[in-house]
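The values are calculated or read from the model by the stated rules, or taken from the named source; none is laboratory data. In this text the structure is predicted, and so the values were computed from the model without any measurement. Note that each Cβ is placed from the backbone with ideal geometry, even for glycine, and that neighbours are counted across all protein chains shown. Areas reflect the complete protein model, heavy atoms only, side chains present, ligands, DNA and RNA absent. Shrake-Rupley method; radii C 1.70, N 1.55, O 1.52, S 1.80 Å.
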Amino acid sequence: MALPVAEWRGRTARRWAALDSALRERLAAASLHDALCHRAATDKKPEAASWYREQGNREFKRGQYQAALRLYSKAASHELPGSPELSVCFANRSATLLHLGHFEVCLEDIARAESHGYPDRLLPKVLLRKAECLLCLGKLQDAQDILRVLESKFALDGVMSTHLTRLKKLSQLKVKLVEKERHPEPAQEARGGIQEEPEIWQENNRISGASSSLSLGFDAERGRHLVASQDIVPGQSLVKEEAFVSVLCPGECLPLQAGDTAWDTRATNVDLYCHRCLRQLLASVPCQGCSYAKYCSQDCAALAWQQYHRTECSLGALLLTLGVFCHVALRTVLLAGFAEVSRLVAWSHGGDKSLQCPEASCKPLSEAADAGAGSRGVPGCDSSGQYQSSYQALFHLLPHTEQHSPEHKFLCTLSVVAICKQLQAAGLEAAVLSQESPQQRSKPKPCENTSDELSPELKTVAEAMLRHVLQLQWPGDGAVVDKKPVRLATAFFPVLSLLNHSCCPNTSVSFSGTAATVRASQPISSGQEVLHCYGPHWCRMRVAERQQLLSQYFFECRCPACLEELESGVKSKVTTRNSFCCPKCQAQMQGEEDTLCCSNEACATSASRDQLSGRLQDLQQQIKKALGMLRVGKADQAIKMLLKCQVDAGTFLSPEHLLMGEMEDHLAQVYATLGKWQEAARHLKKSIEIVEMHHGPSSVETGHELFKLAQILFNGFAVSEALSTIQRAEGILSVHFGPQNAQIQELQEMKACLSELPRNILQRT
Ligand SMILES: [Zn+2]
Ligand SMILES: [Zn+2]
Ligand SMILES: [Zn+2]
Ligand SMILES: [Zn+2]
C-alpha cells in the first residue's frame, strides 16, 4: 500500500500513454476528477455500527471476549459522536474489558459511556460493573460509595423484576467488599531486585538526537554521513530520534470473498495501532469525524486533530486510494506549516537548483551554502551549523528527481495535485495556509473558487509534497518496522537518514512507537563510518538480488560484502544453504538453468527447477494448514502434520534450509502450548542452529529464538540451563535494543524469579 492502488496506477499509466509529449510536460491537472471514482470509504455508517455491535454481542455470549472487543471497537468507529448508540458501544466494550481483566481501561470505557449520554434505565448495570472494577483494583472506598448510591436507587424504585438480578449482584459485591476490608491485600511491592543500568548517552551539540561520539561528514562520494569521533562499543546508542512525521500503513487486507458480508470483521494495522503514536491499541478512541482514524487515548485524538487530522479527516478515502507515501507528504507539509514550506520551496528555486539537479546537494558547499544551507555548509544544517530533526533537514533529503522515470513522476504529480484539488474543493485551503491558532480557525467553508486552477499557495504546497513523495521512494528513510520485518508505518527521520547503507552494517536499528534508536552492533573505531542496512542484508540475500533491489533506488552498493562477492565470484553462502537437495543421494542440486543437476557426479540425477519449486510451495501450504490447526486448538493434529512436512522436506531441501528451521520453531511452539517443555526445547535448539547459520550468532534473529528458549526452559524448571540461556539472550538483545526493552525486562524477571527458588529445587536440576 506504499504506492497508489493498482487500478489508479493502471489508469494513470494509460492516461500517460495517451497524452502527446507537449501535454505530458504540462501535466494537465484538470483531467483528474473523473479518475477518482473508486474509493475506500472512511465516513461513519450507523448501519455498519449496528451490524458490528450485533456481531460483538454474539461473540460476547460465546465467551469470545477478544473477538467481541474488536467488534465493539469497529462499531464505535462508525457510531455518530454523542449518540446514545455510541455510549452503549462503550458500555458493551467495558464488559469485555472486565472479563479480560483490563480494569483500568474498563473504567475509562465506562466514563466514556457516561459522558456520551448513556440511557438512565441502563445505568445501574454499568455502575455495578464500575464497582466490581474498583473492587478488583483494591479501591474499596470508591466501590462502597457506588454500591450505596445503587442501594438507595433500588430502594426508591421498589422491587422490579429487572432489578432482581442486579440486586443479587449487588449483594455479592457487598460480601466481596467486606472480605477485602477484613483481609487487605499487601500493597503491591515495587518491582525489586532489578536495577536498570543507566545508559551512557551524551547528546551531540551539533546534531540533535545523535550521540556525542559521532560527527557529521560530507563529501561528493558519500554525501552526508556519520563518522565515529571516538571508539564505540557494541550496544552503545548512537541515534535516538522521534520521527518528524509518521503515517500508519493500512496493512495487508485480502480482498473480501464472494459471500462475505459488506463489513469486514478482521483486524488490520488500522485497528491495532494508535494512528498518532503507533502504540498498540486495546480499547480505541475513534475520531469524531471519520470511521478510519483510531487513537490510544483522548489526548492522542485531540493532538492529532489539532496538528493534522482536522485537514486530513474528510480526505480519508482519497488518501487511502493514493497510498501512504502521498499521505506522509501531506502530513509533512501540515506539520511544517505553510510559512516554512513556502520559505524552503522559494529557496529551492534560487541559486541552488537542487530540485532540478539532485547532485547539487552533494557538491562542495560553496555552491549550496545559501539561505537554506548552514554556515558549516552541510545541506540541511541551520544558519548556526546545527543539524536538527527539522523540516529544513527533511527538505534536503535527496528527491532523486532525475532518476525517477517520467511515468513515475507523472503518477506522483497527479496524486499530489488530486490532494490539493480536494483540499480546495472541501474549503480546507485556508486551514492549510493560515497561521492562526486552531481555536481561531473558522469552520471550513466550501470553495468559492470554482476554477480548475490551483491557487499559487496550493501550487507551492503541491511542489513540496511532490518532493516528499519522491524522497520517500528511497527505502532508508521510510520504514518503521515492528518486531517482525512488517512495515508498520512510513516516516521521515532526518537524522537517521544521515546514515549510509551497507549490506554488512555496524549498527542495528529498532523502533518503539514513533521513535527510532540506532545502536552499534559491533565495535566501531574512531574515524570509521557508521552504517546501517536499508533492507538487503548480506546474510539474507545474494549479491545479485541485493544489487537489483538497491538499483530501484538508484544506488550501487560498494560495501565490503558486495565487493567481495562480486569480485571473487564466490557463490554466496545464502545460495548453498537455501538450496534444493538431490532426492536420491541428498547432495546439493546445482545449476542456474531450468534443469538442476545433482552435484554428486556419481549420482547424476537431474530435476526440473519448476517441479522442485512447486513442491516447496505445497510444503509451505501444508505448514500453514498445520498452524491453522494449532490456532483452533487441535495441537495433536498440528504436530502430526508438521512431522509429516519435515519428512517430506528432508527429501528435497538442504538440511540447512531456512524452512527446516521454521518447522522446528513451529513444532516447539506446539509442544509449548501442550506444556511439553522438554520436547519444545529440543526442537527450538535445532531451530536456533539453523537461524545462527543464516543470520549469525549475535543477530537479532538468534536473540529472539534464544528468548523463546529461555521462556521454555524457565517454564520447564530447567533452572541452570535457563539461567545460561537467559544470559546469552540478554547479551544479544541488549546490543540491539538496549536495557529498556520489554524482552530484556522479562528475561531479568525470569532470572530474579529463578534465583529466589529454594535451594533444594535448584539442586535437583
Ligand atoms: Zn496514541
Ligand atoms: Zn477523522
Ligand atoms: Zn552491499
Ligand atoms: Zn544425487
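Brief remarks on what is shown
- Whole-number D in µm² s⁻¹ for region 587-632, Kirkwood Cα-pair radius fed into Stokes-Einstein, 20 °C, 1.002 mPa s: 174 µm²/s
- Whole-angstrom gap from region 213-227 to region 675-741, using each part's C-alpha centre: 37 Å
- Potential extension, GLU601-LEU563 segment - 0.36 nm per residue separation minus Cα distance: 10.5 nm
- Debye equation applied to the C-alpha atoms of region 637-763, log10 I(q)/I(0) at 0.11, 0.12, 0.15, 0.16 Å⁻¹: -0.41, -0.48, -0.72, -0.80
- All-pairs alpha carbon distance profile, region 46-181, 10 Å steps from 0, percent: 13, 39, 35, 13, 1
- Stretch gain in nm, segment GLU592-GLN620, where the contour uses 0.36 nm per residue and the Cα spacing is subtracted: 7.8 nm
- Residues in region 130-156 that a label on LYS174 would reach, taking backbone N under 20 Å of a point 7 Å out along Cα→Cβ: 130-136, 139-156
- When the residues GLU592, GLU705, GLU429 are ordered by accessible surface, computed with a 1.4 Å probe over the protein chains alone, the sequence from largest down reads GLU592, GLU429, GLU705.
- Within the full protein context, the accessible area of GLU746 is estimated at about 80 Å² for a probe radius of 1.4 Å.
- Ranking SER73, SER698 by solvent-accessible area of protein heavy atoms (1.4 Å probe, all protein chains present), from largest to smallest, gives SER698, SER73.
- For region 236-247, 3J(HN,Hα) computed residue by residue from phi via the Karplus equation (6.51, -1.76, 1.60; θ = phi - 60°) reads 5, 6, 10, 9, 10, 9, 7, 4, 5, 8, 8, 10 Hz, glycine and proline entered as x.
- FRET efficiency estimate (nearest 0.05) - Cβ-Cβ, ASP610 to CYS753, R0 51 angstrom: 0.45
- Accessible heavy-atom area order of ARG93, ARG682, ARG279, highest first, probe of 1.4 Å: ARG279, ARG682, ARG93
- In a fully extended conformation the segment linking GLU556 and GLN637 would gain 24.3 nm over its present Cα-Cα distance, using 0.36 nm per residue.
- Solvent-accessible surface (1.4 Å probe) assigned to CYS300 amounts to roughly 10 Å².
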